[in-house]
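Working notes, structure below.
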C-alpha cells in the first residue's frame, strides 16, 4: 500500500502520462503531416499558378479611371447584342448581375439598364484557371469592361433579355468594384409579391428600397417606370407646344398662401418668413391676364399635408395648364382631355416594352380610354351611386370610397379608366370657382379621374374682381391676404379656366401601381426626408 | 138607266197628227255649194277663228304638261306607301308629343333619376350596325337625344365617316341633363356588338338584332298582336342569320321570300314600316345584294330610300 503502491501508482502515472504524451505526440505528428501536405500542395499550386497563368494580362482590376488616357474604343450596348453580331469581337461595359462558377467555367450575367446578357469564361486557350477564378470572385454590381466574342445559341436563354446570344469572354477588367455585402439583392427587389409569398422567397419591403434608392433604381422595373414617367413629361410638353401653349416658370417662394394657410411650408426669408408654393395657380392666372393666352408649367409643388396615404407626397412634380377661352369653359376641358388622350396614346404606342416590364413585377389591367373623353355630369354620378345603393345628398362632395365605386361603375358601363366629372356643387369648391349661371347650387368646375382616383381638379376661374371679392367674403377669407391676387383682375382679364395634374400620380395610375412612392424617384412624405 | 147623263163636249172622231221627229235642225250641208265661194281661204291665209282655236289648243297642251309634272311629283310620294309609324302621336302638336315621349320613356326605362339615361353601344368598326343608325334617326325624331361617338383605346384608328355617322354634334350638347335620352356609340374591338344601359339592374344585350328590337320598342311602335310581333321577329332573324351571315344560296332564298312578301303589300308586314323592313333593308344593303334585286324588292328599297331615314346608311356602304 505504501511505496510499492506509490511506485505502482507512479508507474501507472508515468504510464498514463506516457500514454497521453504518446497520443499527444501522435496528434501533433498528424497535424504536422497535414500541414506539410498543405504547404506542399500550395507550393505546387503556386508553381502551377505561376507556371500556367498565360492569361495574366487578360484580366484584373483596372486602375481607377482618372482620365489617364483617351482610349479610342467603341463600347457596344448590351441592347445591341443580337444574332446579327454573331462572331464579332466586341467590348462591353456592364454590371455583374450574377456570377456562378462551375469547375472550369464561370457563368456571368452582365446587366446594363433594362437589358442583360449571359457571358461565359471557360478555361481554354484564351482563359486560364486563375482567370475563371477571378471572374467568379468579382463582387455583384461591380462595373466591368469585357472583351468577348458574340456567340449565337440554339436554345434561347430565357432568363436574359438578350435571348439569342451569349458572350465568350476573352478579357475582363474591373472598372469599379462594389462592396461585397449589398444592402438589398436586386433579384429580391424585382420579385413580385405573390411569388415571394407562395414560394417563400424573399421580397424587399418598400422602406428598405427607399432607404437604398440608388440600388433599387437599378432594377429593370424601376428603370422602366422612370423612363415611362419621362415619356409622360415629354408627351405633355410636345402636345401642348403643338397646341400653341407657352411654357412658363413660376416662383416657388411666395409671400402669402394662396389657398388657405393650413398646408404650407414656411421658410425663413432673411428677416421675415416666406412660404413654399402649394400650386402655381396664382401665377398661371396672372400670365393669362398678361395676355399669354395659353400657358403651362412643369415644376415642384409643396403641400404640407400630414397625410400618410398611398397617394400623397409632400413634394411632387405638378403639370399645370391654364387657358383663356372664347365663350364656354368646355373649350378648355376639351383641350385638356385631348392632351391627356395624346399622352395615353403616346404611351400605348411607344412605351409598350416599359409597360410590359413593369407588368412582370406589378401585374395590372392595361389602361383603357375613349376618344373623345367621356364627360359625365355630377348629378349623373350621384344618380349612378344612388342606383348602386349609396346614400348621399345632391350637394355632397364625393368621398374617396365613393370615387372608387363611381370609377368601377363607369368602367363597367363605358369600359374606360379615364373620364371627366363636370358641374360640381359650388359649396365644395374653392372661392375662385365660377358659379353656374343657370343653377346657383352648381359651379363650372370639373374633376378628372384615372382608375377611379382623382388626378385633376379644375374650374373656370372668376375673372371679375368684384365677384371674386364677394366669393372670398362668402368663404370668410381675409381680403388683405389676397389683395395682390384680386388686383390682377382689375385691368381687363379674359375668361379662363385650367387645371393641374401630378406627374407621379398619373404615372402610378396609368401603370396600375398602388403606391405613389414607387413612381417618385426620391419621395418626400411626412416621415421621409432622405435620400 | 144611268144616274147622271152628260152631253159629249167634243166630237168622238177627231184625227190627231202625232210627230215622228223630236227636234229639227236646219241642214248645215244644204248651203255647201254656195258657201265655198263666199270664204276666200284657199290661198294660205289663216282664218282668225282657226288661229284662236290653235291658241286655245296650245294653252290646253301647256296646262296638260304642267299637270303631268305635278302628278309625277305626287306619284313619287303616292307610290311610296304611307310610312306614318304612329299616326296618333305624330299628328299631335310638338309640345304634346314631347310630353307623351317622356311618359313613355318613364314607363319603358324606369323612373327618371334626374340624370341623362344613356344607352351605350359597343360596336366593331369592321362591321358597322346599319340598322341601329337608322333607328337612331327615328329616335331623334321622337325624343331629344344626345348622340356621341367615341373611339376606344383598343382600336387605333377609325375612318372619318364612322366618326360622323350619327350626324353633327347637337348645339346644346354641353348641358347633358336637358336631354331625355343619350345614345353613345363606342367603336371598340369587340367580337359581338353589345349594348349596356343600366349596369346595376340589366345585363348587357348582345347582337345587332336584339339591340335593334330594344331600340324599336323605345319608339313605342311595336305591333300589338302576337302574330305580327312574331312575324317581325321572324323576318329580323332571317335577315340577321341568313342574309347577313349566310352563303349565297341562303341569301338567294331570302331574296325570293322577300320578293313574294313584297308582292302582296307595300311593306313586309302590311301598310306600315316595321322593324322587319329596317333590318332586312340594312342587311340587304350591307350584303351587297342590292345591285340587281327582284322587282318588288327593288321598289321596296326605293321606298326605303325615299323615306330619308336611310340617308345615314349610304355613306357607310362605300
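The values are calculated or read from the model by the stated rules, or taken from the named source; none is laboratory data. Every value quoted in this text rests on a predicted model; they were computed, and no experiment measured them. Positions of Cβ are generated from backbone atoms using ideal geometry, with glycine treated the same way; all protein chains shown enter the neighbour counts.
Points to keep in mind about this one:
- When residue B:252 is tested against (1) in contact with a strand residue (DSSP E or B) (Cβ under 8 Å, 6 or more places away or on another chain); (2) assigned by TED's automatic domain parsing to the domain that holds residue B:294, only condition (1) is not met.
- Some residue of region A:92-100 being surrounded by 14 or more Cβ atoms within 10 Å (Cβ to Cβ), without any contact (Cβ under 8 Å) to a residue 60 or more places away in the chain and farther than 27 Å from residue A:215 by Cβ: no
- Selection over region A:144-172 of residues that are surrounded by fewer than 16 Cβ atoms within 10 Å (Cβ to Cβ), in contact (Cβ under 8 Å) with a residue 12 or more places away in the chain and closer than 16 Å to residue A:97 by Cα gives a count of 1.
- Any hit, region B:136-143, residues being in contact with a helix residue (DSSP H, G or I) (Cβ under 7 Å, 6 or more places away or on another chain), in a loop (DSSP other than H, G, I, E, B) and modelled with pLDDT under 85: no
- Scanning region A:385-395 for residues that are part of a loop (DSSP other than H, G, I, E, B), surrounded by 14 or more Cβ atoms within 10 Å (Cβ to Cβ) and more than 7 Å from chain B (Cβ to nearest Cβ) yields A:390, A:392, A:395.
- Residue satisfying condition, being under 29 Å from the mean Cα position of the chain (by Cα) and closer than 21 Å to residue B:107 by Cα, within set B:197, B:183: B:183
- Screening A:454, A:470 for residues that are under 30 Å from residue A:531 (Cβ atoms) and surrounded by fewer than 21 Cβ atoms within 10 Å (Cβ to Cβ) leaves exactly one candidate, A:454.
- Out of A:495, A:523, sole residue that is at pLDDT 90 or above, within 22 Å of residue A:299 (Cα to Cα) and within 40 Å of the chain's Cα centre (by Cα): A:523
- Every pair of residues 6+ apart whose Cβ atoms lie under 6 Å, when the first sits in region B:146-165 and is at the interface with another protein chain (Cβ under 8 Å from one of its Cβ atoms) while the second is assigned to a loop (DSSP other than H, G, I, E, B) and surrounded by 20 or more Cβ atoms within 10 Å (Cβ to Cβ): B:152/B:188; B:153/A:369; B:154/B:188
- Members of region A:411-426 found to be touching a strand residue (DSSP E or B) at 6+ places or on another chain (Cβ under 6 Å), within 14 Å of another protein chain (Cβ to nearest Cβ) and free of Cβ contacts under 8 Å to residues at least 40 places away in the same chain, listed by number: A:413
- No other residue among B:231, B:251, B:194 is modelled with pLDDT under 85 and at negative phi apart from B:251.
- Condition met for residue A:129 (under 21 Å from residue A:54 (Cα atoms) and surrounded by fewer than 18 Cβ atoms within 10 Å (Cβ to Cβ)): yes
- Across region A:326-362, the qualifying residues are those that are surrounded by fewer than 18 Cβ atoms within 10 Å (Cβ to Cβ), more than 9 Å from every other protein chain (Cβ to nearest Cβ) and more than 30 Å from the chain's Cα centre (by Cα), and the one among them that is farthest from residue A:437 (Cα to Cα) is A:334.
- The residues on offer are B:262, B:258, B:273, B:285, and the sole one that is buried (at least 17 other Cβ atoms within 10 Å of the Cβ), outside the structural domain of residue B:147 (by TED's automatic domain parsing) and outside any helix (DSSP H, G or I) is B:273.
- Within region B:205-233, the set of residues being in contact with a strand residue (DSSP E or B) (Cβ under 7 Å, 6 or more places away or on another chain) and free of Cβ contacts under 8 Å to residues at least 40 places away in the same chain comprises B:205, B:206, B:214.
- Region A:363-384 - residue that is in contact (Cβ under 8 Å) with a residue 24 or more places away in the chain and part of a loop (DSSP other than H, G, I, E, B) and, of those, farthest from the other protein chains (Cβ to nearest Cβ): A:363
Table: residues versus (1) assigned by TED's automatic domain parsing to the domain that holds residue B:146; (2) in contact (Cβ under 8 Å) with a residue 60 or more places away in the chain; (3) closer than 30 Å to residue A:384 by Cα.
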position	(1), (2), (3)
B:181	yes, yes, yes
B:186	yes, yes, yes
B:199	yes, no, yes
B:235	no, no, no
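- Taken over region A:155-205, residues that are under 30 Å from residue A:123 (Cα atoms) and assigned to a loop (DSSP other than H, G, I, E, B) amount to 17.
- Yes/no for residue A:400 being at pLDDT below 95, surrounded by fewer than 21 Cβ atoms within 10 Å (Cβ to Cβ), within 14 Å of chain B (Cβ to nearest Cβ) and under 30 Å from the mean Cα position of the chain (by Cα): no
- Residue match in region A:427-437 (condition: out of contact with any strand residue (DSSP E or B) (no Cβ under 9 Å at 6 or more places or on another chain), in a strand (DSSP E or B) and either free of Cβ contacts under 8 Å to residues at least 12 places away in the same chain or more than 14 Å from chain B (Cβ to nearest Cβ) (or both)): no
- Of all residues in region B:196-237 being touching a helix residue (DSSP H, G or I) at 6+ places or on another chain (Cβ under 6 Å) and over 24 Å from residue B:185 (Cα atoms), the one that is nearest to the other protein chains (Cβ to nearest Cβ): B:232
- Test for residue B:280: is it within 18 Å of the chain's Cα centre (by Cα), at pLDDT 85 or above and either assigned by TED's automatic domain parsing to the domain that holds residue B:133 or in a helix (DSSP H, G or I) (or both): yes
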